[in-house]
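First up is the structure itself, then whatever we jot down about it.
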Amino acid sequence: MEVPILKQGEVLIATFQAALSDADLEHLRRGLVQQVVKFRSRGVIVDVTAMDVMDSFASRTLREIAHMIRLRGAETVIVGIQPEVAFAMVQLGLTLEDVATALDLEEGLAYLIEKFKNID
Amino acid sequence: MSKRENASRDLEARSNVGGEMVRSEAPSELLRELVAHLRQNRTLLREEWVMRIAETRLLTAMTKEEIFAEATSVYDSYVEALETEAFEALQAYARNLSERIIPRGVETHEVVGIVLLLRDVLARSLFAKYQTDFKKLNRILDAYEPAANRIANTVAVGFVQERERVIRQQQEAIRELSTPVLQVRERLLILPIIGVIDPQRARQLTEQLLRGIRTNRAKVVVIDITGVAAMDVTVANHLVQTVEASRLLGATVIVTGLSPEIAQTLVTIGVDLGKMNTVGDLQGGIEQAERLLGYKVVTLAETR
């Protein structure tokens, strides 16, 4: 299942609907990295609230997305990681280093807006 | 009586000891006879039993009257269980009894002890009644012993189960109480930890904290471990993982009150200090948390 990418002002929002296959994840990465420049977005939010499992590939892909988007001139924030998923990830050593995280979509938007303000 | 007859009777008696039933009398009939005997001598046997309980100094936590009252109902349930061979009622009674007497400090050995005493008292009365008829005594005992043992078993298991249930309940309560996640300001939680942290408690702390972050929408968490003297490597690692997991939920963790021993442990496991935000004491931790959240505490005098 593909992940829809929504544009909301200066921010792109990608919401995972369910567990994704590796191909879907790669598709998402391509889509986001292309569109962030196409729409001149300054921020990207990836919402993983619906994911109840996060394997190493998904985690690595999320990290790559964040790094690639930074190189393309925007900020990424991952939102909605479930408490159980978070602890499972940490135990597996998947800590998403130097990637911004936030509790939910609202928090993620607030984080980005704060960040834009500081830059402006 | 000829020698031969004697020998054959001996043989029969021995075969009965081995547990073989004589066909003419079904075990259920024997049990009925037995129950009738126990009903008839209820007062006497009960008194004998209570006396034996007092002699062996069991149930010292209870008064004489209480023991007598309990003994009466136990005796009646016992005879009923023998009669009907249905143990559900007895089981329920044992559980009920345990519920009442466990808080008074009655021990397992006492409960098992009194049931075994009753078994012995009843067996003695059977010996006395059938002492002239050895064969019959054997058959009666064949019927009595398995039932009596099963009763003793049922009561003991019921008591232990009840105790375990109480212990589980208390453990649960202690665990719940020992890990409070408290909100001190909008979006600021504190988690004061006191006492020894074993891996199980550590896991529970983490679960409660992560859930608390989500429900309170916390941005900053202060974990205060002033009350923890030392922790082993496993728990220290767990603490570090908790800090990282909290960050994945978008919350910053500040750890305060690290003792020298814990600092030593953390250095030994090679914790990444860039990830771990530590402040000396709880006050400092809350002050830093407030700064992170954009609060500024001023006295009323300063505002004037």
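The values are calculated or read from the model by the stated rules, or taken from the named source; none is laboratory data. From a predicted model like this one, the values you see are computed outputs, not experimental measurements. Glycine gets a Cβ as well: all are built from the backbone with ideal geometry, and neighbour counts include every protein chain shown.
Within region B:207-227, if we keep just the residues that are of a type in the set (Val, Ile, Thr) and crowded, with 22+ Cβ neighbours inside 10 Å, the residue that is nearest to the other protein chains (Cβ to nearest Cβ) turns out to be B:ILE213.
Within region A:10-24, identify whether any single residue is touching a residue at least 24 places away in the same chain (Cβ under 8 Å), farther than 18 Å from A:ARG70 by Cα and part of a helix (DSSP H, G or I), and answer yes or no. Within region A:10-24, one or more residues are touching a residue at least 24 places away in the same chain (Cβ under 8 Å), farther than 18 Å from A:ARG70 by Cα and part of a helix (DSSP H, G or I). Do you know which of the residues in region A:86-112 that are over 17 Å from the mean Cα position of the chain (by Cα) and among the aliphatic types (A, V, I, L, M) is farthest from the other protein chains (Cβ to nearest Cβ)? Residue satisfying both the conditions and the ranking: A:LEU92. For region B:252-292, a residue qualifies if it is in contact (Cβ under 8 Å) with a residue 40 or more places away in the chain and within 14 Å of chain A (Cβ to nearest Cβ), and the qualifying residues are B:THR252, B:LEU292.
Count of region A:42-58 residues, restricted to those that are within 13 Å of another protein chain (Cβ to nearest Cβ) and under 10 Å from the mean Cα position of the chain (by Cα), is 4.
Residues that are part of a helix (DSSP H, G or I) and crowded, with 22+ Cβ neighbours inside 10 Å within region A:89-112 comprise A:MET89, A:VAL90, A:GLY108, A:LEU112, listed in sequence order. Scanning region B:132-189 for residues that are charged (D, E, K, R), touching a strand residue (DSSP E or B) at 6+ places or on another chain (Cβ under 8 Å) and modelled with pLDDT under 85 yields a total of 0. No other residue among A:ALA86, A:ALA58 is out of contact with any strand residue (DSSP E or B) (no Cβ under 7 Å at 6 or more places or on another chain), at pLDDT 90 or above and either crowded, with 22+ Cβ neighbours inside 10 Å or of a type in the set (Ser, Thr, Tyr) (or both) apart from A:ALA86.
Would you check if there is a residue in region A:53-65 being among the aromatic types (Phe, Trp, Tyr) and not in a helix (DSSP H, G or I)? No, because not a single residue in region A:53-65 is among the aromatic types (Phe, Trp, Tyr) and not in a helix (DSSP H, G or I).
With the requirement that a residue be crowded, with 17+ Cβ neighbours inside 10 Å and touching a residue at least 24 places away in the same chain (Cβ under 8 Å), what does region B:130-151 give you? Once the filter is applied, which keeps residues that are crowded, with 17+ Cβ neighbours inside 10 Å and touching a residue at least 24 places away in the same chain (Cβ under 8 Å), region B:130-151 yields B:ASN138, B:ARG139, B:ILE140, B:ASP142, B:ALA143, B:TYR144, B:ALA147, B:ALA148, B:ILE151.
Of the set (1) part of a helix (DSSP H, G or I); (2) touching a residue at least 40 places away in the same chain (Cβ under 8 Å); (3) under 13 Å from the mean Cα position of the chain (by Cα), all apply to A:LYS115 but (3).
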